[in-house]
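Reviewing the structure listed below.
The values are calculated or read from the model by the stated rules, or taken from the named source; none is laboratory data. Everything numeric in this text was worked out from a predicted model, so none of it was measured. Here the Cβ positions follow ideal geometry from the backbone for every residue, glycine too, while neighbour counts run over all protein chains shown. Please note that ligands, DNA and RNA were not included when accessible areas were found on the heavy atoms of the full protein model with its side chains. Shrake-Rupley method; radii C 1.70, N 1.55, O 1.52, S 1.80 Å.
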Amino acid sequence: MRFSDLRVLDFCWVGAGAFVTRLLADLGADVIKVESHAHPDNLRLSGPHKAGAKYLEGSGYFASRNTNKKSIALNMGKPEARALARQLARKCSVVTNNFRPGIMERWGLGYAELSATDPSLIYLAMPMQGSSGPHKSYIGFGSTISAISGLVEMSGAPERAPIGTGTHYPDHIPNPGHALVGLLAAIFHRARTGEGQYIELAQLESTVNLLGPSILRYSASGELPRRTGNRRDGAVPCGVFPCAGDDVWCAIEIENDAGWQALVETLGRPPWMTDPAFATLKGRSAGIDAIEGKLAQETRGRKAEDLVLALQTRGVAAAVVETSRDVMEDRQLNARGYWRGIDHAEMGRITVNVPPFFSTEAGRQREPAPPPLLGEQTREIATTLLGLSETECTRLMKEEVLW
């Protein structure tokens, strides 16, 4: 089975689901994204937007989730559009969505309806809390899932309110990752047996997997996790410390006594660091406030890159805290071709990333193509896959069916 053999009808919007289908597209699958001018993907409305680009076509966030896809404009509020969507689904081997339960079924696009005529169909649904249970109809975004999963409550400083992860973390890591694994397993199973699969990824359940240590602690002792900021049990010091320059920082984590001695030597053995009380984890834990304050004074006058290199040479876990610009200019990422420049019809030259893994097909994924304009391939898909004439396409566009 090759990814190029897959055709995916994609009803996934916003972050998590769209990232799953973007990875399939990057690996060679033919992914057809369904949206409309009546109801565009919310991500098209989300910033940052490229100055001068048309409003629905200039979102960098949308671009990051939709490279290599095609777009068909189907106004699902119209019965004729829903009929065309059902016809198109019969031409696809995978159907995906992340709507609340019942939406796809109301359109005649539920798994039961589609698999009745195609038992080899693979169907991925990603409702926020699943299709059963008292909260099945709840809707939300990554920030909502972070809150109800317990992730937000654990994040922040102990003396302040919970702050969360600073982004829609479930949309970027656990939910697309788990969904992709399930989808690839189903594709592999079908390649061996010819059988399709229904995959339901409840995004809450997926995100709860991140709480493993805290769940185990509560199960064993009844203790709840404490917010500790950058600190971590068993590592002192562990945090970010100021370096020379404006808002420049480095991260340092000392996990054992040998690491502490290496830090002491790297910094030139300041007298306060040679205190025998700090030679053990127990002593450093007792003096953590003093250590962090004085260490910040030691690092403040040093260039971050030089300090990190010296620490890493001695086996100390350390890294420069990089900005988005630093990451895009990172020599390691660029040497491996992680960043690629592509031309977009509205945004001009933009930078996108490639998947952080390689396909076994030809040793790598295909070169990235820009995200589609809304409905960019509507006429192409309608005439080739749906068998409509140019005259019929024009009529349906005027009637805001293909719109």
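Considering only beta bridges that DSSP places wholly inside the range 1-90, some 10 percent are antiparallel. When the alpha carbon coordinates of the range 362-403 are projected onto the principal axes, the ranges are 45, 20, 11 Å, largest first.
Within the full protein context, the accessible area of Glu400 is estimated at about 80 Å² for a probe radius of 1.4 Å. On the principal axes of its alpha-carbon atoms, the range 283-348 has extents of 60, 26, 22 Å, going from largest to smallest.
Taken per residue, the accessible surface of the chain reaches 50 Å², heavy atoms only and a 1.4 Å probe. Taken one residue at a time, the phi angles of the range 37-51 give Karplus couplings (6.51, -1.76, 1.60, θ = phi - 60°) of 5, 5, 9, x, 3, 3, 5, 5, 8, 8, x, x, 10, 6, 4 Hz. Gly and Pro are set to x. Packing-based ranking of 108-114, 393-399, 8-14, 144-150 yields 8-14, 144-150, 108-114, 393-399, ordered from highest to lowest mean Cβ neighbour count within 10 Å. Rounded to the nearest 20 debye, the dipole magnitude of the chain is 360 debye, with +1 charges on Lys and Arg beta carbons, -1 on Asp and Glu beta carbons, and the Cα centre as origin. A DSSP coil position with no more than 13 other Cβ atoms inside 10 Å describes the following GluC sites (Glu not before Pro) in the range 123-225: Glu159, Glu195, Glu223. All C-alpha pair distances within the range 59-113, sorted into 10 Å bins from zero, spread as 19, 49, 29, 3 percent across the bins.
Scaling against 2.2 N^0.38 Å puts the C-alpha radius of gyration of the range 9-111 at 1.06.
For the range 215-359, treating each Cα as an identical point scatterer without solvent, what Debye log10 I(q)/I(0) comes out at q = 0.10, 0.19 1/Å? Summing over Cα pairs of the range 215-359 leads to -0.50, -1.09.
With the convex hull of the Cα atoms taken as the outline of the chain, the averaged projected area works out to 24.1 nm². Shape of the range 194-250 from the C-alpha gyration tensor: oblate (a/c of 1.5 or more and a/b not above b/c, with a ≥ b ≥ c the square roots of its eigenvalues). Between Glu392 and Arg217, what FRET efficiency comes out of the Förster formula 1/(1 + (r/R0)^6) with R0 = 51 Å and r the beta carbon distance, rounded to 0.05? According to the calculation, E is roughly 0.25. For the range 3-44, the pair-distance distribution built from all alpha carbon pairs, in bins 10 Å wide starting at 0, is 31, 52, 17, 0 percent. What the Cβ-Cβ distance of Leu267 and Ala161 gives, at R0 = 30 Å and to the nearest 0.05, is a FRET efficiency of 0.30.
The order of Trp107, Trp249 by accessible area, most exposed first and with a 1.4 Å probe, is Trp249, Trp107.
Placing a pseudo-label 7 Å from each Cα along the Cα-to-Cβ vector at Ala319 and Ile139 gives an inter-label distance of 3.6 nm. Taking the 1.4 Å solvent-accessible surface of the chain as the whole, the part contributed by carbon and sulfur is 54%. The slack in the chain from Ser285 to Asn230, taken as 0.36 nm per residue of separation less the alpha-carbon distance, amounts to 18.4 nm. For the range 325-344 versus the range 34-83, the spacing of their alpha-carbon centroids is 26 Å. Rounded to the nearest 500, the helix-only mean residue ellipticity at 222 nm of the chain stands at -10000 deg cm²/dmol, with each DSSP H run of n ≥ 4 adding -39,500 (n - 2.57).
Taking Arg284, Arg349 and ordering them by how much accessible surface each has at a 1.4 Å probe, largest first, produces Arg349, Arg284.
The lysine pair tally for the chain, using Cα distances under 22 Å and a gap of 8 or more places or different chains, is 20. Label positions at Thr274 and Asp326, each projected 7 Å from the Cα along the C-beta direction, are separated by 3.2 nm. Highest-first packing order for the peptide set 39-51, 317-329 is 39-51, 317-329, based on the mean count of other beta carbon atoms within 10 Å. The per residue volume of the convex hull around the alpha-carbon atoms of the range 17-65 is 80 Å³. Taking the C-alpha atoms only, the angle from helix 16-26 to the longest principal axis of the chain is near 80 degrees.
Cα centroid separation, the range 236-270 to the range 143-175: 27 Å. Reported value for the range 90-218: 126 Å³ per residue, from the convex hull of its C-alpha atoms. Please give the helix 257-266 orientation as an angle from the longest Cα principal axis of the chain, in degrees from 0 to 90, rounded to the nearest 10. Its long axis makes an angle of about 80 degrees.
Full extension of the chain between Ser131 and Asp343 gives 72.3 nm of extra length, using 0.36 nm per residue less the Cα-Cα distance. Note on Thr384: accessible area is roughly 100 Å² with a 1.4 Å probe, heavy atoms of protein only. Taking the square roots of 5 times each eigenvalue of the Cα gyration tensor of the range 291-403, largest first, gives ellipsoid semi-axes of 51, 18, 11 Å.
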